[in-house]
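Worksheet: the structure to be examined is printed underneath.
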Amino acid sequence: MTTERELRRRIGTARRVVVKIGSSAITSFHGGIRRAELDTLADVCQTRMTGGSDVFVVSSGAIGAGMAPLGMTTRPATLSAKQAAASVGQLELARAWGDSFARYDRVVGQVLLTAADIGRRDSAANAQRTLDRLRTLRAVPVINENDTVATNEIRFGDNDRLAALVAHLISADALILLSDVDALYDSDPRKGDATAVTMVGGEGDLDGVVAGAGGSLGTGGMASKLAAARLAADAGIPVLLTSAERAAEALAAEPTVGTVFAARPERMTARRFWVRHAADARGAVLLDDGAVRAVTGSRRSLLLAGVTGVDGLFHFGDVIELHDSDGRVVARGIAQYDSIEVRSRLAERQSGTGAAGQGRPLVHADDLVAV
Ligand SMILES: Nc1ncnc2c1ncn2[C@@H]1O[C@H](COP(=O)(O)OP(=O)(O)O)[C@@H](O)[C@H]1O
Ligand SMILES: N[C@@H](CCC(=O)OP(=O)(O)O)C(=O)O
């Protein structure tokens, strides 16, 4: 079991670091981008790069930055208004990062990604190559969700998740989440007395922790940071969460601030990680209770006999969701049949003309990950 000290040192000496900066850290309601704070963050990243690390910035703040120029006084609620604000704000944000790093003769490369881009092998590989090339060219990648094209269904939803997926994509050694709160607390510190948690070694350390909503500029609140930390843990990447004000200490060789999250001792294989977290699910099948127990409890392959319904159009090799009878996602896996074939096997079974339980499994146990 890794000690907190070892974990902190591992983050402090990580060669490849993703630094995610929340909207609340660099934008304000009426003034748009807080340039002084952004400059300080660029200073800290530059110091770490001078020390030999590669830094990838995931910067939120496009919507916050676009509000003031558009005369919006409250955070936009509709998707189209958010997208319009992001379209104006992203330009400002990229320019601000460009100006900040230009003080060190560094250029920045803007990389805008949707969940669908990360969810397809070919576009994910392309994004990975771009990010890597930027690194070798000494440019600082500044990454954000491509808000103007992402619809509600295909959004990452929050940049904590995007940052964790990017960290996996580029095989980062550490993920640093900079927010407006200096650590994870056992409850929202804005709402009263709360105790800071300095290390999360496993799920048990989160017993009794209430992860609440975010501030008026942020999106996912603490729950999305915990989800991102879990995702990074599966990818074998340790996480440090603290406030942007503490960025210098967070990126120091031995960070003493914030909450550190241990990675799984054995990182999930790239294939299982892909199935569990990244891939775009192309469809879903409905399972009876026995099949739910087989795939979640006994980790067995999913046979057609346990399938009661099919949703969507998928092909052999696509990732699909496995739903229980209440429609909850219980697992994800790689289909070994096309949806058309599954439908016709189910129809044959219902009409008594076939035995849908025979033959190869719909999802092999090796390609199946409980959610
Ligand atoms: N258990 C908790 N520990 C720490 N912060 C919490 C907790 N629950 C809710 N929060 C709130 O989450 C906020 C950070 O989330 P968010 O506003 O989405 O940040 P960001 O813009 O950095 O993504 C903090 O301001 C804090 O008030
Ligand atoms: N892509 C959005 C970011 C949304 C988001 O996740 O914000 P935050 O919770 O502040 O990290 C923007 O740039 O405004």
Next item on the list: Test ALA262 against the criterion of being more than 19 Å from VAL369 (Cβ to Cβ) and either surrounded by fewer than 21 Cβ atoms within 10 Å (Cβ to Cβ) or under 22 Å from the mean Cα position of the chain (by Cα) (or both), and give yes or no.
Entry: yes
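Can you tell me which residue is farthest from MET199 (Cα to Cα) among those in region 173-182 that are more than 6 Å from ligand 1 (Cβ to nearest atom) and open to solvent by 10 Å² or more (accessible area, probe 1.4 Å)?
The residue in question is ASP173.
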Margin query: Name the single residue that is surrounded by the most Cβ atoms within 10 Å (Cβ to Cβ) among those in region 209-222 being more than 10 Å from ligand 2 (Cβ to nearest atom) and at pLDDT below 90.
Written below: ALA211
Item checked: Residue tally, condition modelled with pLDDT of 95 or more, within 16 Å of ligand 2 (Cβ to nearest atom) and open to solvent by 30 Å² or more (accessible area, probe 1.4 Å), over region 183-207 -> 0
Checklist line | Only listed residue being more than 24 Å from the chain's Cα centre (by Cα) and either of a type outside the set (A, V, I, L, M) or modelled with pLDDT of 95 or more (or both), chosen from ALA14, ALA36 | finding: ALA36
Item checked: The lone exception for LEU178 - which of (1) on the phi > 0 side of the Ramachandran plot; (2) within 16 Å of ligand 2 (Cβ to nearest atom) it fails -> (1)
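For region 103-112, check the following and say yes or no: at least one residue is within 26 Å of LEU137 (Cα to Cα) and in a helix (DSSP H, G or I).
Just the residues of region 103-112 that are within 26 Å of LEU137 (Cα to Cα), to begin with: 103-112.
With the extra rule that they be in a helix (DSSP H, G or I), the set shrinks to none.
Looking through region 103-112, none of the residues is within 26 Å of LEU137 (Cα to Cα) and in a helix (DSSP H, G or I).
The values are calculated or read from the model by the stated rules, or taken from the named source; none is laboratory data. Keep in mind it's a predicted model, so treat the numbers as computed, not measured. In this analysis, Cβ positions are derived from the backbone assuming ideal geometry, glycine residues included, and neighbour counts consider all displayed protein chains. For the accessible areas, the whole protein counts, side chains as well, though only heavy atoms, and no ligand, DNA or RNA atoms are used. Shrake-Rupley method; radii C 1.70, N 1.55, O 1.52, S 1.80 Å.
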